[in-house]
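Each remark here refers to the structure printed beneath this line.
The values are calculated or read from the model by the stated rules, or taken from the named source; none is laboratory data. The structure presented is a predicted model; accordingly, all values stated were derived computationally and were not measured. Positions of Cβ are backbone-derived with ideal geometry, glycine not excepted, and every protein chain shown enters the neighbour counts. Please note that ligands, DNA and RNA were not included when accessible areas were found on the heavy atoms of the full protein model with its side chains. Shrake-Rupley method; radii C 1.70, N 1.55, O 1.52, S 1.80 Å.
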Amino acid sequence: MYVLGLDIGGTSSRALLIDATGRRIGHGKAAGGNPAAHGTETAAANIRQALEPALRGVDPAEVAGAVIGMAGVKALDRPVFDRMWASAGLRCAPAVAGDLGIAFAAGTAEPHGTVLIAGTGAVAARIEDGSPTAISDGLGWLLGDQGSGFWLGREAARAAVHSLGRGESDGLLTRLVAGHVRDERADRLPDTGGEAAGAPPESGGPTTTPAGTGQGPGAAWPPVDGRAEAIRIVVQLQGRPPLELARLAPLVSRAAEEGDPDALKIVSTAAGLLCATVAEVRAEGENTPVVLAGSVLTSQGPIYAAVRDGLDAPTVLAGDAAGAAAWLAAREAFGLDHEAARRLHRRILREG
């Protein structure tokens, strides 16, 4: 007998099939299956595409259980999804779980604790018996998501434009942000020479690109007019969806690792905000684990280190979310007791 775990997000859909021993039998990946982002028809088609390679060579009727970790589940048109599920030959009824419980299970087999997710957004939750009982932040980029990838990117852009406005262009974070924005602008413009390569058309200054800016050949640096460069960055970023600022988040970690003072300040502030988010759902002195999930934390850069050191609690990094969903499915389908479930969790998420 087998069980399925699915991790369904806005950008990707992943499916994992395991047997009763935790052995990975098949896996598949496809485009995002979040029905709120893509609509139920497209989302269902993408999930089906992820299921096909995971089930290859297996009789789907032998799948005894499934758990789906899905963002945007409230937008799901269940009849459309059920038709897709049946068309894959699956007879078991899947359980749908929220991303908080899945992220927590991706880090620990314990029933109680806390999870902190910092990806594009940021949210923390207290988990009791696998389900969230208290939630902090997760309020979106406009009103919350403190310390998230979006927040980091926005602070990086803010620091860069303020530095350039003061005529300061030597800081590594400033150079990285300007280079990233120039490169993105060049990618979206036709090949018109220097301007498309990122060099201001009115520039007559030096054209040597400093190391590590990410700028293409021919980009002028330092800029002749720092204020004008700052305005160019503002115009470019305001023309993009706000959440794309999260693309700048890795530049903060890179600059912080090189000792850039602006980046170090952003890292320290972000870690403080994330720790405060955890404190809102966690009792003082509690000794249950804090699972750290999301790309900002699982990349194990300076922000992860600052959060880990700032939390007065044992921490563990989340592993594979599809594996966590498969573990939850196995625990239910095979009627595992706590010790057996712990062993299977270790097999799937730590050894597999």
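Taking the highest mean first, how do the peptides 111-119, 252-260, 315-323 order by number of other beta carbon atoms within 10 angstrom per residue?
Result, highest mean first: 111-119, 315-323, 252-260.
For the chain, taking Cα atoms only, what is the radius of gyration to one decimal and the Dmax to the nearest whole Å?
23.0, 73
Roughly how many percent of the accessible protein surface of the chain is carbon and sulfur, given a 1.4 Å probe and a whole-percent answer?
51 percent
To the nearest 0.05, how large is the calculated FRET efficiency for residue 96 and residue 168 if R₀ is 56 Å and r is the Cβ-Cβ distance?
0.65
Per residue of the chain, what 222 nm ellipticity follows from adding -39500 (n - 2.57) for every DSSP H run with n ≥ 4, rounded to the nearest 500?
Calculated from helices alone, the mean residue ellipticity at 222 nm is -12500 deg cm²/dmol.
Within the P(r) computed for the range 262-350, what percentage of the Cα pairs occupies the region above 21 Å?
When all Cα pairs of the range 262-350 are counted, 44 percent exceed 21 Å.
In whole Å, how far is the Cα centre of the range 43-65 from that of the range 322-352?
Here the two parts' Cα centres lie 19 Å apart.
Place the peptides 292-298, 92-98 in order of packing, highest mean first, counting for every residue the other Cβ atoms within 10 Å and averaging per peptide.
Descending packing order for the listed peptides: 292-298, 92-98.
Residues of the range 112-153: accessible area per residue at 1.4 Å, in Å²?
Ligands and nucleic acids excluded, the result is 37 Å² per residue.
With a cut-off of 8 Å between alpha carbons and a minimum separation of six or more residues, what is the relative contact order of the chain in percent?
About 21 percent, as a whole number.
With each pseudo-label sitting 7 Å past Cα toward Cβ, what's the residue 225-residue 312 distance in nm, one decimal?
A separation of 5.4 nm, rounded to one decimal place.
Which values, in whole Å and largest first, are the semi-axes of the equivalent ellipsoid of the range 66-169 obtained as the square root of 5 times each eigenvalue of the Cα gyration tensor?
37, 19, 11
So which trypsin sites (Lys or Arg not before Pro) in the range 1-91 end up in coil per DSSP with only 10 or fewer other C-beta atoms within 10 Å?
Loop-located and lightly packed - none at all.
Taking the range 28-71 as the region of interest, what is the percent of Cα-Cα pairs per 10 angstrom bin, listed from the shortest bin to the one with the maximum distance?
27, 50, 22, 1
Please report the antiparallel percentage of DSSP beta bridges with both residues in the chain, rounded to the nearest 5.
Just about 60 percent of them are antiparallel.
Suppose we take every Cα in the range 298-343 and form the convex hull; what volume per residue is that in Å³?
Per residue, the Cα convex hull of the range 298-343 comes to 87 Å³.
What translational D, rounded to a whole number of µm²/s, comes out for the range 221-300 from Stokes-Einstein when the hydrodynamic radius is the Kirkwood one over Cα pairs, at 25 °C and 0.890 mPa s?
D = 157 µm²/s.
Residue 31 to residue 244: extension gain in nm, 0.36 nm per residue of separation minus the Cα-Cα distance?
That works out to 74.8 nm of additional length.
First select every other residue whose beta carbon is under 13 angstrom from the beta carbon of residue 145; then total the charges, Lys and Arg +1, Asp and Glu -1.
Summing Lys and Arg as +1 and Asp and Glu as -1 gives -1.
If packing is taken as the average number of other Cβ atoms within 10 Å across a peptide's residues, how do 265-272, 282-289 rank, most packed first?
Ranked from most to least packed, the peptides come out as 265-272, 282-289.
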